[in-house]
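Take a look at the structure set out below.
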Amino acid sequence: MKVIKQKVELLNNLFYEQMVQNVVSASNQCWKTGCLFDGTLAEGEKIIKSRIKVGHESLIEHASLTMKFTTNRAITHEIVRHRLASYTQASTRYQNYTKEAWGGLTMIQPHWVTGNICGEWSEEKYDSVVEQEGTTPTSLWLWGRLTDEWEYKIMAENDMVPDDMRGILPNDLATTLVMTANMRQWRHFFKLRALSTTGRAHPQIVEIATMAMNLAYNYAPCFFEDLKDKWDE
Ligand SMILES: Cc1cc2nc3c(=O)[nH]c(=O)nc-3n(C[C@H](O)[C@H](O)[C@H](O)COP(=O)(O)OP(=O)(O)OC[C@H]3O[C@@H](n4cnc5c(N)ncnc54)[C@H](O)[C@@H]3O)c2cc1C
């Protein structure tokens, strides 16, 4: 069994300048003047920020970002509740984690574990840690996940198929989820999941949504600048 930390990558196919151009072109339709954008990026950014400020957010639906989340299945379950987005997720029905390509189960290190427990774990390594440190919440979690992997392997040895074996996979199993959404929806997602504007979001989704928000801001700043002020507070 392997333990890793969650992460997020930006997989974009549209350059920032193109996104700004798209949104400003759409904005120009509203007044039919065609002269709101003088062609510079700075002017386009200014227009977009002013539209966001007045709540004219349908305009920023003309630009989108694609992100790849590597996190646990509990967090992806929360992410896919956001309906105005497109998703593709690793299948637990078709992949057999005992095959060579996977080499066993991979888990996401829980947010509450202090220190870094990333790496390969075996029963022997677990025993030596418990011998030195005694039983702790972290060791109990490791034992549970090693047992999950052991059960999964026994099922595979008994010719069961992934479709049926997946029932014993835990919420902390690592998975990948690709999410494409327009800027309006990303802003909504970041408000709820990184900035907790509607109530305390789970610490693990706060962590990964904040990573995504930083990536989004660094790639396409004018769409998120007002939110950046809030997460800097
Ligand atoms: C702190 C927190 C705790 C939560 N706890 C729970 C829980 O205990 N149980 C649970 O089931 N869920 C829970 N959720 C999930 C939550 O109820 C939403 O399903 C999730 O956050 C998706 O956000 P959203 O509904 O704003 O819409 P999204 O799907 O992100 O859509 C964006 C916006 O589009 C509009 N929209 C989308 N679909 C519709 C529609 N059908 N009708 C009208 N307007 C629509 C709304 O304005 C919505 O805000 C929780 C979320 C948070 C952040």
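Derivation of every value follows stated rules applied to the coordinates shown; laboratory data play no part. Please read all numbers here as calculations on a predicted model, not as lab measurements. Virtual Cβ from ideal backbone geometry, glycine too; neighbours counted across all protein chains shown.
Quick notes on this one:
- Cα coordinate range in region 1-114, projected on the principal axes (Å, largest first): 62, 31, 25
- Per-residue extension of 0.36 nm, minus the Cα-Cα distance of V178 and Y219, leaves a gain of 13.0 nm for this segment.
- Taking a ≥ b ≥ c as the square roots of the Cα gyration tensor eigenvalues, region 131-182 comes out oblate, since a/c reaches at least 1.5 and a/b does not exceed b/c.
- Each eigenvalue of the Cα gyration tensor of region 153-233, multiplied by 5 and square-rooted, gives one semi-axis; in descending order these are 37, 14, 10 Å.
- Label zone of M160 (point 7 Å out along Cα→Cβ, amide N under 18 Å): in region 1-17 this covers 1.
- Model label zone, S196; criterion: amide N under 20 Å from point 7 Å along Cα-to-beta-carbon; scope region 146-187: 187
- The angle between the Cα long axis of helix 203-219 and the main principal axis of the chain comes to about 40°, on a 0 to 90 degree scale.
- Note on region 54-165: semi-axes of the ellipsoid equivalent to its C-alpha gyration tensor, largest first and rounded to whole Å, are 35, 22, 11.
- In the chain, the longest principal axis of the Cα atoms and the axis of helix 123-133 are about 90 degrees apart.
- For K2, the residues whose modelled amide H falls within less than 5 Å of its own, excluding neighbours fewer than 5 places apart on the same chain, are L105, T106, M107, W121.
- In region 127-233, trypsin sites (Lys or Arg not before Pro) in a DSSP loop with at most 12 other beta-carbon atoms within 10 Å: R200
- Restriction of the GluC sites (Glu not before Pro) in region 27-121 to DSSP coil positions whose beta-carbon has at most 11 other beta-carbons within 10 angstrom yields E100.
- Just so you know, the Cα atoms of the chain work out to an Rg and Dmax of 22.0, 75 Å.
- Principal-axis tilt of helix 183-193 within the chain, Cα atoms, nearest 10 degrees: 50 degrees
- Within the chain, longest stretch clear of exposed chymotrypsin sites (Phe, Trp or Tyr not before Pro) (DSSP loop, no more than 15 other Cβ within 10 Å): 113-233
- Put a plus charge on the Cβ of each Lys and Arg, a minus charge on the Cβ of each Asp and Glu, and nothing anywhere else: the dipole of the chain about its Cα centre is then about 1120 debye.
- Spin-label model distance (nm) - L84 vs N116, 7 Å beyond Cα toward Cβ: 3.9 nm
- Expected-Rg normalisation [2.2 N^0.38 Å, Cα atoms] applied to region 96-213: 1.31
- Across region 99-107, computed HN-Hα scalar couplings (Karplus, 6.51 cos²θ - 1.76 cosθ + 1.60, θ = phi - 60°) run 5, 4, 4, 9, x, x, 7, 10, 10 Hz from first to last residue, x flagging Gly and Pro.
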